[in-house]
Amino acid sequence: MIVWRLAVLALLAAPAAAQGRTRPLFIIERSKNANVVHYDARLTVDGALDPREPVVAYWVMAAEDGRREGLNWIEKKKAYGFRMSPDPSVPGYAMALVSVPQRRITVRKVGGSVRAEMVIDGQPAVFEKMYVKSVEGLIGPMVQYIGLFGKDLKTGGQRYEKFVPK
C-alpha cells in the first residue's frame, strides 16, 4: 500500500517538476522594505525557454519570513507585471515591464544559460537588478528614481544607470 502511494505521488509530481524548472534572470529591489520581486526564466524539459510562459515573477518576502508569494492583480497591472512577445531576431523573447515599458528587455538562451539583456547607460548589458527608490505620497508610493545594474556584454564590467521615470 505504501509503495503504491509513493508511486502515485511520484507520477503526479513528475510533470510539474519537469515543467517547473526555472533559472534566475533579474530582481527588483525597493527602498520601501527588504521584499524583492524575482523574475525567472521558465524552461521546458529539453532546456528551451517555455513558449507558454517564458518568464515567471514572484515575491520573496525577505522583510517577513522569507516565503515566496505570487504577485497580486494590482502589482501585475501597475508595477511589476510584464508583457512578453517572441523575438525571432535573437531568438528569444522581448519583455516589457508595465512600470517602465520604454526599457526593452530581451530574454534569451545563450549556450547552456538563460539571461535578460538590456541597454544600460548606452551599452548592451546582462540585466541583473533594478532598484526603485520611492517615498510615500498621498495616493501611494511616488518613485524618485530607478537604478539599473548589470554586466557589460563586451567587457564583463559593471554597468549602472540611474534615471527618473516619466
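Compute the long axis of helix 2-19 from its Cα atoms, compare it with the longest principal axis of the Cα atoms of the chain, and write down the angle in degrees, 0 to 90, nearest 10. Roughly 30 degrees, rounded to the nearest 10.
Which of the lysines could be linked to LYS166 by a straight reach, that is with a Cα gap under 18 Å, when you skip same-chain ones fewer than 8 residues away? Within the straight-line cut-off, LYS166 pairs with LYS77, LYS78, LYS133.
Converting the Cα gyration tensor eigenvalues of the range 21-159 into ellipsoid dimensions via √(5λ) gives semi-axes, longest first, of 25, 18, 14 Å. Peptide packing: for 39-46, 152-159, the average count of neighbouring Cβ atoms within 10 Å per residue gives the ranking 39-46, 152-159, highest mean first. Mean projection of the Cα convex hull over all viewing directions, computed for the range 20-73: 4.2 nm².
Laboratory data are not the source of any read-out in this text; all were calculated from the coordinates shown. Fair warning: this is a prediction, and the values are worked out from it, not measured in the lab. Here Cβ is always computed from backbone atoms with ideal geometry, including for glycine, and neighbour counts include all displayed protein chains.
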